[in-house]
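The values are calculated or read from the model by the stated rules, or taken from the named source; none is laboratory data. Nothing here was measured: the structure is a model prediction, and the numbers come from that model. For neighbour counting, all protein chains shown are included, and Cβ atoms are generated from backbone atoms with ideal geometry for every residue, glycine included.
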Amino acid sequence: MDHRSLMDGVYRWQRHIYDATRKYYLLGRDGLIADLDPPTGGTVLEIGCGTGRNLIAVGKAWPAATLHGVDISEAMLATARASVVKAGMGDRITLAQGDACGFDARALFGRATFDRVFISYALSMIPDWEAALRQAARCVAPGGRLEIVDFGQQERLPALWKRALFGWLGAFHVAPRAGLRAAVERLAQDVGGVAQSRALYRGYAVRGGLIRAEA
Ligand SMILES: C[S@@+](CC[C@H](N)C(=O)[O-])C[C@H]1O[C@@H](n2cnc3c(N)ncnc32)[C@H](O)[C@@H]1O
């Protein structure tokens, strides 16, 4: 089964309870949104935007920004489209179907780069997550930022907890990326930027990203 069909299968029913359930364990999303701080009139792209929950929160936190979201799953995008309209943000949020590992931002959104690009709990579901990281960096405008939040390696939590959590996540095709922080460092070097990353909640989650050098 290809990855797009797999994601549509995973979320065909889950999407109806997704926002209500994930708020208890996709930790760190609201901190990322609060820190985004796009320039006035700036542009924001979420890669793997799911139900649109984050984009709507970004829209409320940063009312002058124009928002874009891409996701591989049409099932998730159907929920996102309905939520965006319900939130009254249809004129500010543009959604499109695409694969994080290689999409044409200009074709989908009419622009190649964005002031802020973020990926929230999606790299752990993307098999070639390093390709998705590289693609995300290509979408960051000079002087802009890439921000990531995802499951961490549980390094300061009991080993039994880590085993149980990773086993449970695996059933949903989620694999926390042990190499994420190192990959962000390498990417920053490759694109000419400054990387930063830190563990959240004793390693339950990880925040990372890079600031791209000005042109
Ligand atoms: C756990 S959800 C996270 C959704 C949202 N970012 C959030 O924080 O609530 C992962 C999302 O990544 C999407 N996804 C998985 N693989 C993808 C890919 N290769 N390209 C784009 N989106 C992908 C899934 O369809 C799903 O909507």
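Which residues, taken from region 134-144, are of a type outside the set (D, E, K, R), away from the ligand (no atom under 12 Å from the Cβ) and at negative phi?
Passing the criteria: 137, 139, 140, 141, 142, 144.
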Of the conditions (1) modelled with pLDDT under 95; (2) of a type in the set (Gly, Ala, Ser); (3) within 20 Å of residue 103 (Cα to Cα), the single one that residue 131 does not satisfy is (1)
Look through 37, 30 and report the one residue that is closer than 21 Å to residue 148 by Cβ, part of a helix (DSSP H, G or I), more than 9 Å from the ligand (Cβ to nearest atom) and at pLDDT 95 or above. 30
Mind telling me which of the residues 102, 59, 28, 110 ends up being surrounded by 21 or more Cβ atoms within 10 Å (Cβ to Cβ) and not β-branched (Val, Ile, Thr)? 59
Subset tally (residues that are touching a residue at least 40 places away in the same chain (Cβ under 8 Å) and assigned to a helix (DSSP H, G or I)) for region 65-82: 5
Sort out which residues of region 121-164 are surrounded by fewer than 19 Cβ atoms within 10 Å (Cβ to Cβ) and basic (Lys, Arg), and write them in order of number. 134, 138, 156, 162, 163
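Residue by residue, here is whether (1) within 23 Å of residue 13 (Cβ to Cβ); (2) within 13 Å of the ligand (Cβ to nearest atom); (3) more than 17 Å from the chain's Cα centre (by Cα); (4) modelled with pLDDT under 95 holds:
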site: 48; (1), (2), (3), (4): yes, yes, no, no
site: 53; (1), (2), (3), (4): yes, yes, no, no
site: 58; (1), (2), (3), (4): no, yes, no, no
site: 69; (1), (2), (3), (4): yes, yes, no, no
site: 78; (1), (2), (3), (4): yes, yes, yes, no
site: 103; (1), (2), (3), (4): no, yes, no, no
Could we say that residue 101 is touching a Leu at 6+ places or on another chain (Cβ under 8 Å) and assigned to a loop (DSSP other than H, G, I, E, B) here? no
Flagged in region 83-100 as free of Cβ contacts under 8 Å to residues at least 12 places away in the same chain and of a type in the set (D, E, K, R), in numbering order, are 86, 91
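May I ask you to list the residues in region 105-126 that are within 15 Å of the ligand (Cβ to nearest atom) and small (Gly, Ala, Ser)?
As a first pass, look at region 105-126 and keep what is within 15 Å of the ligand (Cβ to nearest atom): 105, 108-109, 116-126.
Within region 105-126, 105, 120, 122, 124 qualify.
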Mind checking which residues of region 84-99 are over 27 Å from residue 175 (Cβ atoms) and either surrounded by fewer than 23 Cβ atoms within 10 Å (Cβ to Cβ) or polar (S, T, N, Q) (or both)? 85, 86, 87, 88, 89, 90, 91, 92, 94
